[in-house]
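Here the structure comes first, spelled out in structure tokens, and everything after it is commentary.
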Amino acid sequence: MDVTIHFKEIDHKLFGYVEGEIDTFTASGLREELEAVKITEGLEIVLDLSKVNYMDSTGLGIFVAFYKRTLRENGKVKLVGLSTRLQRLFEITGLSDLMDIETDKKVELR
């Protein structure tokens, strides 16, 4: 399975919808998509992971790198819609204490 991400910007907020499995084999595509995001000061980025059915440590690393870059460039990033399994992954690694994560919300792309 592959991973896809679609973006839409509305009122200085960037909404992203991630779908698929994030592992060693698919992570490079996701990394490239996130690296291509132009982050401007004050930009709010919301990434919906509700359709991510698997993620390993490679995926965690990608989101951590994106989170750090966003903060460096004075933006904000929030992860939403995490399944119980993904939420647990962020919790046991301690990342849920550092990153803005909201588990019961999904992004509506229009």
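The values are calculated or read from the model by the stated rules, or taken from the named source; none is laboratory data. All values derive from a computational prediction rather than experimental measurement. Please note: Cβ atoms are built from the backbone with ideal geometry, for glycine as well, and neighbour counts cover all protein chains shown. SASA here: full protein model, heavy atoms, side chains in, ligands and nucleic acids out. Shrake-Rupley method; radii C 1.70, N 1.55, O 1.52, S 1.80 Å.
Does V18 satisfy the condition of being in contact with a His (Cβ under 9 Å, 6 or more places away or on another chain) and under 17 Å from D56 (Cβ atoms)? When the stated conditions are applied, V18 passes them.
Residues of the range 11-42 that are free of Cβ contacts under 8 Å to residues at least 60 places away in the same chain and assigned to a strand (DSSP E or B): K13, L14, V18, E19, G20, E21, I22.
For the range 72-92, which residues satisfy the criterion of being among the aliphatic types (A, V, I, L, M), open to solvent by less than 90 Å² (accessible area, probe 1.4 Å) and part of a helix (DSSP H, G or I)?
At the first step, the residues of the range 72-92 found to be among the aliphatic types (A, V, I, L, M) are 77, 79-80, 82, 86, 89, 92.
Next, only the ones that are open to solvent by less than 90 Å² (accessible area, probe 1.4 Å) stay: 77, 79-80, 82, 86, 89.
Across the range 72-92, the qualifying residues are L86, L89.
Residues that are more than 17 Å from D100 (Cα to Cα) and either in contact with a helix residue (DSSP H, G or I) (Cβ under 6 Å, 6 or more places away or on another chain) or open to solvent by less than 10 Å² (accessible area, probe 1.4 Å) (or both) within the range 40-52 comprise just one, V52. Comparison of I45, I101, I62 shows that the only residue that is touching a strand residue (DSSP E or B) at 6+ places or on another chain (Cβ under 8 Å), β-branched (V, I, T) and not in a strand (DSSP E or B) is I62. Every listed requirement among (1) at pLDDT 95 or above; (2) farther than 16 Å from Y17 by Cβ; (3) crowded, with 16+ Cβ neighbours inside 10 Å is met by K68 save one, (3). Filtered by the rule that a residue be at positive phi and open to solvent by less than 10 Å² (accessible area, probe 1.4 Å), the range 8-39 gives a lone residue, G20.
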